[in-house]
Amino acid sequence: GEIGGNCIEISTDTTSILLDFGTPVSKDALPAEHKNLKPDAILLSHAHFDHYAKIHELNEVPVYAGELTQSIVRVSSVFLPDRQALGNVNNFRAFEPFTIGDFKITAFPTDHSIIDSYAFLIEANGKKIFYTGDFRAVGRSEKYFDNLLKNPPKNIDAIIVEGTTMGSNSRAQDLHSELEVENRLKELLKAHNDSLVFMDFSAQNYDRLISAYKATLASGKVFVVDIYTAIIIETISQYLEKITGKNHFSLDYQNIKVLARGKYASSHYQKAKNSNLYANELLKIYKNTVKLDDIANSPHKYVVKMSTYIAKELIEQIGGRKLYIYSQWAGYLKSEYNEKGYEIYQAIQSAPNVDFHKVHVGGHASANDIDRLIKSLEPKSILPIHTEHKELFYEKYPNAIKIENSQSIKI
């Protein structure tokens, strides 16, 4: 009945596992009660906070996660408040089955707004459950969705399926693919060639980083990021290079710089240095530094991806025209979802000489793509999750099971 906060227990007589353990997106929703949870393991589908926020409270329980997911959570724990690294981690690989007690588990990579996202096929006692995690079919990894439809696992007894976009309040968006986002960014940068440009999106959204960089390169401007974003870029680049043997988007690419000196960088620098994890990354960062004076002296040359708070201060300090591109979920512009940031966004939108544009495609499957997946898998039963409109599943699918929080069913 809500977005996020996934915490699903699957058990046999002798083995129990959790699928994710996060907090809901809405501040009014309560996280799952876990005092009586004693799982043998936790499967983490991806590195979004609404799926892993509470895992540390079960700190002795083994966590199974993708290697890059583990690294992204670690970076978040260094730079972001209230984030904690994963402990006792076992890394799995896509399509390579592994076992936890009675369970045989196979991870299927999915297209989502964060890299290294997975669905899981879970088998035990002759039964099969497919957990979708969060997924979509419009990103740079849409091939994962297409491949799943072409080669679905057979004889699925139950699908636990996300339904974020189901219903009239479905986080509507005006663009339909990440390629459209990239092209729209290119159009806006071309039309605002004389402006200082700010881009506002999650540093963990690798698809959006690529789109922003490509649009910046096409405009002839310089892409500027903060230290946190730079270390995310390097973390992903190093992982992809290790598994593919090829170079990937990194700080070595042309027209990318890091705002790594001065008051706006000091907090990130200290956090990175104190972590004793990112010495090599910091060395590379300081070879690619741009100064705030450089931006202030020639603002039209730069596209800046910084925190909202820093962007607001730079907008107030630097003269001339500005383009502000908001490129994430529109809910964060509302006070009910973003109490701390709401006033900042209000100030940015009302600031003089600021042209504010929303350019986004979400991380969740459309109702049509959810239906395509269900029809491909042909599950005997359907369990909706991660949705504010589960009743639409009950209306559309006769085999959808009505289940409430803390209720148990037998497959």
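The values are calculated or read from the model by the stated rules, or taken from the named source; none is laboratory data. Given the structure is predicted, the values throughout are model-derived calculations rather than measurements. Please note: Cβ atoms are built from the backbone with ideal geometry, for glycine as well, and neighbour counts cover all protein chains shown. Heads up: the accessible areas ignore ligands, DNA and RNA and are worked out on the full protein's heavy atoms, side chains in. Shrake-Rupley method; radii C 1.70, N 1.55, O 1.52, S 1.80 Å.
Roughly speaking, what is the stretch gain from ILE243 to ASP102, that is 0.36 nm per residue apart minus the C-alpha to C-alpha distance, in nm to one decimal?
Here the segment from ILE243 to ASP102 would lengthen by 47.7 nm.
Just to verify a number: what accessible area does HIS268 come out at with the full protein assembly present, 1.4 Å probe, Å² rounded to tens?
30 Å²
Counting other C-beta atoms within 10 Å, and keeping those with at most 14, which DSSP coil trypsin sites (Lys or Arg not before Pro) do you find in region 121-157?
LYS154
Treat each spin label as a single point 7 Å out from the Cα along the C-beta direction, and report the HIS56 to ASN91 distance in nm.
Those two pseudo-labels are separated by 2.2 nm.
Quote the accessible area belonging to LYS375 in square angstrom, nearest 10, computed with a 1.4 Å probe and with ligands, DNA and RNA left uncounted.
Using a 1.4 Å probe on the heavy atoms, I get roughly 140 Å².
Within 10 Å, count the other beta carbons around each residue, average over each peptide in 36-46, 66-76, and list them highest first.
Packing order, densest peptide first, comes out as 66-76, 36-46.
Only loop residues by DSSP count here, and only those with at most 12 other Cβ atoms within 10 Å; note down the chymotrypsin sites (Phe, Trp or Tyr not before Pro) in region 89-192 that meet that.
PHE95
For the chain, give me the percentage of DSSP beta bridges that are antiparallel, rounded to the nearest 5 percent.
Of the beta bridges lying entirely in the chain, close to 35 percent run antiparallel.
If I stretch the segment between GLU67 and LEU179 completely, what's the gain in nm (0.36 nm per residue apart, minus their alpha carbon distance), one decimal?
Here the segment from GLU67 to LEU179 would lengthen by 37.6 nm.
Quote the accessible area belonging to SER266 in square angstrom, nearest 10, computed with a 1.4 Å probe and with ligands, DNA and RNA left uncounted.
Accessible surface of SER266 is approximately 60 Å².
Find the accessible area per residue for the chain; the probe is 1.4 Å, ligands and nucleic acids are left out, and the unit is Å².
46 Å²
Once you put a point 7 Å from the Cα of ASN125 and another 7 Å from the Cα of LYS375, both along the Cβ direction, what distance in nm separates them?
3.4 nm
Please list GLU336, GLU60 in order of solvent-accessible area, largest first, computed with a 1.4 Å probe with all protein chains present.
Order by accessible area, largest first: GLU60, GLU336.
For SER335, SER406, give me the order by solvent-accessible area with a 1.4 Å probe, most accessible first, ignoring ligands, DNA and RNA.
Ranking SER335, SER406 by accessible area, largest first, yields SER406, SER335.
Once fully extended, how much extra length lies between GLU339 and SER267, figured as 0.36 nm per residue of separation less the alpha-carbon to alpha-carbon distance?
Length gained, GLU339 through SER267: 23.6 nm.
Kindly state, to the nearest 0.05, the FRET efficiency for ALA29 paired with GLU391, given R0 = 25 Å and r defined as their beta-carbon distance.
0.90
Name the GluC sites (Glu not before Pro) in region 363-411 that are in a loop by DSSP and that have at most 12 other C-beta atoms within 10 Å, would you?
Taking region 363-411 and a limit of 12 other Cβ atoms within 10 Å, the loop GluC sites (Glu not before Pro) found are GLU404.
Would you calculate the separation in nanometres between label points at LYS38 and ASN193, each defined as 7 Å from the Cα along the Cα-to-beta-carbon direction?
The modelled label-to-label distance comes out at 6.9 nm.
Under the classification rounded if a/c is under 1.5, otherwise prolate if a/b is larger than b/c and oblate if not, where does region 276-341 fall, given a ≥ b ≥ c as square roots of the Cα gyration tensor eigenvalues?
Oblate shape, in that a/c is at least 1.5 and b/c is the bigger or equal ratio.
Please state the charge dipole magnitude for the chain, taken about the Cα centre, from unit charges on C-beta atoms (+1 on K and R, -1 on D and E), reported in debye and rounded to the nearest 20.
1020 debye
Only helical DSSP H runs with n ≥ 4 go in: add -39500 (n - 2.57) per run for the chain, normalise by residue count and round the 222 nm mean residue ellipticity to 500 deg cm²/dmol.
-10000 deg cm²/dmol
Once you sort the root eigenvalues of the Cα gyration tensor of region 34-153 as a ≥ b ≥ c, which label holds: rounded (a/c under 1.5), prolate (a/b larger than b/c) or oblate (the other case)?
Oblate is the answer for region 34-153, as a/c is 1.5 or above yet b/c matches or exceeds a/b.
Of the listed values [x] 21.7, 79; [y] 27.4, 83; [z] 21.8, 68, identify the label whose number matches Rg and Dmax of the Cα atoms in Å calculated from this model.
Recomputing Rg and Dmax of the Cα atoms in Å here gives the entry labelled [z].
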